[in-house]
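This report concerns only the one structure given below.
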Amino acid sequence: MSADVPQVPEPVPLAPGQRLARGVCRHLLGHGFATVEELVPAPGLRVDVMALGPKGEVWVIECKSSRTDFASDRKWQNYLQWCDRYFWAVDTAFPAEILPPETGLIVADDYDAAILRMGPLTPLAGARRKVMVQKFARHAALRLQALRDPVAVGAISAFSP
């Protein structure tokens, strides 16, 4: 992880999971991945980070800030069907030995991350990949539009599924 990244005060304090997500997103950007946070692949599910790779690969990363946070996660296995690789992102103080060994592992901080263990590759079917890439694109476009015109996006999202 990089200590030479300029540190600017946060306009709004980030929660621990958000700080992990930021470090993960920065790291994956360096590998050619575009990322979005809090994407809903299906009703009742919300992934912390979804990453779209340069070859169209779809990764899901769940950020866990504590043992309690991990223990309370009852949905993580439902995310496996929505990605090619699945990872946990934790900080250096997290007891990584409690994480399932058949999943990927990323250690992150506020500003960077390191992939310690690759999640196994389970390629998405073509139709599922198309759905996920479209969801990713729509999510990213709406986030960008919300920065430019938050009132309009807020009004639309109130009526969108």
Checklist line | Highest to lowest packing among 92-99, 19-26, 52-59, scored as the average C-beta count within 10 Å | finding: 19-26, 52-59, 92-99
Check: Between L29 and L14, how many nm apart are label points set 7 Å from Cα along the C-beta direction?
Finding: 1.0
Check: How much of the accessible area of the chain, probe 1.4 Å, is carbon plus sulfur, in whole percent?
Finding: 60
Checklist line | Potential extension, R117-Q145 segment - 0.36 nm per residue separation minus Cα distance | finding: 6.6 nm
Note to self: Taking the alpha-carbon distance from K130 and a cut-off under 18 Å, which lysines remain once sequence neighbours fewer than 8 residues away in the same chain are dropped?
What the structure shows: K55
Next item on the list: Please provide three numbers in whole Å: the alpha-carbon extents of region 41-105 along the principal axes, with the largest listed first.
Entry: 33, 26, 18
Check: Using a simple charge model, +1 on the beta-carbon of Lys and Arg, -1 on the beta-carbon of Asp and Glu, nothing else, what dipole does region 52-145 show about its Cα centre, in debye to the nearest 20?
Finding: 680
Notebook entry, point to check: For region 16-48 and region 121-144, what is the separation of their C-alpha centers, rounded to whole Å?
Noted result: 13
Note to self: Just checking my list [x] 24, 21, 16; [y] 28, 17, 14; [z] 24, 16, 16 against semi-axes √(5λ) of the Cα gyration tensor in Å computed from this structure; which label fits?
What the structure shows: [x]
Checklist line | region 56-143 - percent relative contact order, Cα under 8 Å, separation 6 or more | finding: 26
Note to self: So, for region 20-161, what is the accessible surface per residue at a probe of 1.4 Å, expressed in square angstrom?
What the structure shows: 54
Check: Reachable lysines from K64, Cα under 16 Å, same-chain residues fewer than 8 places away excluded?
Finding: K75
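If you put +1 on each Lys and Arg Cβ and -1 on each Asp and Glu Cβ, how big is the dipole of the chain around its Cα centre, in Debye rounded to 20?
Values: 18 positive and 17 negative charges, 145 e Å.
Here the chain has a charge dipole of around 700 debye.
For the chain, what is the relative contact order in percent, using Cα pairs closer than 8 Å and at least 6 residues apart in sequence?
After rounding, I find 22 percent.
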Notebook entry, point to check: What fraction of the DSSP beta bridges in the chain is antiparallel, stated in percent and rounded to the nearest 5?
Noted result: 60
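The values are calculated or read from the model by the stated rules, or taken from the named source; none is laboratory data. Remember, it's a predicted structure, so these values are computed and weren't measured experimentally. Please note: Cβ atoms are built from the backbone with ideal geometry, for glycine as well, and neighbour counts cover all protein chains shown. For the accessible areas, the whole protein counts, side chains as well, though only heavy atoms, and no ligand, DNA or RNA atoms are used. Shrake-Rupley method; radii C 1.70, N 1.55, O 1.52, S 1.80 Å.
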